[in-house]
1. Look at the stretch A:30-62 and say how many of its residues are surrounded by 15 or more Cβ atoms within 10 Å (Cβ to Cβ), within 14 Å of another protein chain (Cβ to nearest Cβ), assigned to a strand (DSSP E or B) and not hydrophobic (A, V, I, L, M, F, W, C).
2. In the stretch B:85-121, which residues are hydrophobic (A, V, I, L, M, F, W, C) and buried (at least 24 other Cβ atoms within 10 Å of the Cβ)?
3. For a quick check of your reading of the model, give me the residue pairs whose first member lies in the stretch B:396-415 and is closer than 13 Å to B:Ile143 by Cα and open to solvent by 40 Å² or more (accessible area, probe 1.4 Å), whose second is in a helix (DSSP H, G or I) and among the small types (Gly, Ala, Ser), with beta-carbon atoms closer than 7 Å and at least 6 apart or on different chains.
4. Taking the options A:Lys85, A:Lys12, A:Lys17, name whichever one is part of a loop (DSSP other than H, G, I, E, B) and more than 14 Å from chain B (Cβ to nearest Cβ).
5. Being within 12 Å of chain A (Cβ to nearest Cβ), out of contact with any Phe, Trp or Tyr (no Cβ under 8 Å at 6 or more places or on another chain), β-branched (Val, Ile, Thr) and surrounded by fewer than 24 Cβ atoms within 10 Å (Cβ to Cβ) is the requirement here; does B:Val336 meet it?
6. Kindly indicate whether A:Lys90 is touching a strand residue (DSSP E or B) at 6+ places or on another chain (Cβ under 6 Å) and open to solvent by less than 40 Å² (accessible area, probe 1.4 Å).
7. Is there a residue in the stretch B:215-236 that is more than 26 Å from B:Pro115 (Cβ to Cβ), buried (at least 18 other Cβ atoms within 10 Å of the Cβ) and within 14 Å of the chain's Cα centre (by Cα)?
8. Among the residues of the stretch B:129-146, is any buried (at least 23 other Cβ atoms within 10 Å of the Cβ), outside any loop (DSSP other than H, G, I, E, B) and touching an Asp or Glu at 6+ places or on another chain (Cβ under 9 Å)?
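The values are calculated or read from the model by the stated rules, or taken from the named source; none is laboratory data. Every value quoted in this text rests on a predicted model; they were computed, and no experiment measured them. Every residue, glycine as well, gets a Cβ built from its backbone with ideal geometry; the counts of neighbours run over all protein chains shown. All accessible areas refer to the heavy atoms of the entire protein, side chains included, with ligands and DNA or RNA removed. Shrake-Rupley method; radii C 1.70, N 1.55, O 1.52, S 1.80 Å.
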Amino acid sequence: MKKIEAIIQPFKLEDVKEALKNIGIDGMTISEVRGHGRQKGHREVYRGQEYNVDLLPKVKFELVVADTRLEEVVETIGQAARSGKIGDGKIFVYDVAEAIRIRNNDRGEGAI
Amino acid sequence: MQIVHLGLPAIAADISARLSALEKSTASAQSAGDNAWMLVSAALVLMMTGPGLALFYGGLVRRKNVLATMMNSFSMMALITLIWAFFGYSLVFSEGTPFIGGLKYAFLNGVGVAPNPDYAATIPQLTFMSYQLMFAIITPALISGAFAERMKFSAFALFTTLWAFLVYFPMAHMVWGKGGLFNAYLGGSVPCFDFAGGTVVHITSGVSALVCALYLGKRVGFPAEPMRPHSMVLSVVGACMLWVGWFGFNAGSALSASGLASSAFAATHFAAASAALGWMAAEWLHSGKPTMLGGISGAVAGLVAITPASGFVKPMPALLIGLLAGGFCFWMVTAVKHKFGYDDTLDAFGVHGAGGTLGALLTGVFATSAVNDTPIGGKLMPLGAMDGHPIQILYQAAGVAMAVLLAVIGTFLILKICDALIGVRVEREGEREGLDLSQHGEEGYYLEA
């Protein structure tokens, strides 16, 4: 099993969700986060006081998939989230040791 | 007809009885109209403090200080009300010396439904007293913008109590009380025009704000750390309530539902509109974008500046006063504040002190008896410079000088007393943690609940 963590532009959230649904992935966790890579922030001015806002709003997807589906899912997320500009985000992949469904104690791939 | 049988003397008696009945019902109709408007105005002015100012200021601070900031405004609605009932109304509006009133109305003794003809002959004195109370509430609340995010609540409560007695009551008596030094209509020796509180409310609070900002010092981390407004949305809602409430503040200051009230209403609105445009235009030229915060700051600056002038000027001069206030306060807040480096958190001085001073002086220029024909010493007099009475500008300057003097000395003295008794500033950790938790033990937002 692999865990995919994708940090994407907030306005791509619906596109990515839709694309994952189309390939039959229906379990995921989403959070609103802030961060930046190479993208520069923007300037805000309040009554003449300037602030450089460099931590920008992003959306983080977390989902766990069977090893066999990894490439397909990563490809789907990448395509749906890509605008081609700096700030599109990153995808990270981790090994997962175990998955447990709390309701009935199912384990392994059957639990995801 | 019945009259035929009564004879001449009886006819005269009948007519006189009918006339006096008619006079009575006319007076009662006027009183009903005036009282209705003044009760609404009193409610509108209270709405300016809560929720108007509470939202406007609350949105501009950081999230951890939103409740403490709102508490500063809200607590005035309770605390000043009691002080006003016990002593405040009497010290402002009963006769005394040119500088402070007496104790005739202490504990609202003798204040009932009968009008007080010195001030407003057609409304119950209770209405007049309540209306004036709302001004005493918002004035110290305005100061809180300067020391927001770092003053102890206990010190704030003591500060505002003493401030009401040492600064607000004397200044309000001097300008509005019978026999007050600056009261143009009721026996003052230096006739200064202040229709709705340019000197009494805005200069006293604005200048006191600057003294507080200097005395307390900068917030921890200012200006290196970002201290953006946590919710511009709250501030926009609050500022718009201030705009609407200001109709009660200025048009209500006619103390009747009269043509003068309409005049003040129109002047108020035009000044707010042109000042909002003036500020936004200035920042558009200066930094490339017009902002929402600039728009509402400008509107408030215009409302402040037109306050003393509102019952004395025509719509076009009102528009000009607003435009000038928008540009002037923008410059005060963006350039002057940064040059001197004081931390007037929410620009109480830059908007209320600066805008109030500009408005008080321009009242001396544009005031005209064509708008306000209230007789002075029994005669219709020319009012401002445009009316052919340029010396009025000097009288206005005298009123400004007194307000500044009283605010500087009074506020400094009170801060010293508060500092000695309880300390004015929150401990460093408490300031880091936020005043909501350190002063009140609660949080403004707990979204997981």
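1. 4
2. B:Leu91, B:Val92, B:Phe93
3. Partner pairs satisfying both residue conditions: none exist.
4. Working: A:Lys12 fails: part of a loop (DSSP other than H, G, I, E, B); A:Lys17 fails: part of a loop (DSSP other than H, G, I, E, B).
It is A:Lys85.
5. The answer is yes for B:Val336.
6. no
7. No, the stretch B:215-236 contains no residue that is more than 26 Å from B:Pro115 (Cβ to Cβ), buried (at least 18 other Cβ atoms within 10 Å of the Cβ) and within 14 Å of the chain's Cα centre (by Cα).
8. Yes; the residues of the stretch B:129-146 include at least one that is buried (at least 23 other Cβ atoms within 10 Å of the Cβ), outside any loop (DSSP other than H, G, I, E, B) and touching an Asp or Glu at 6+ places or on another chain (Cβ under 9 Å).
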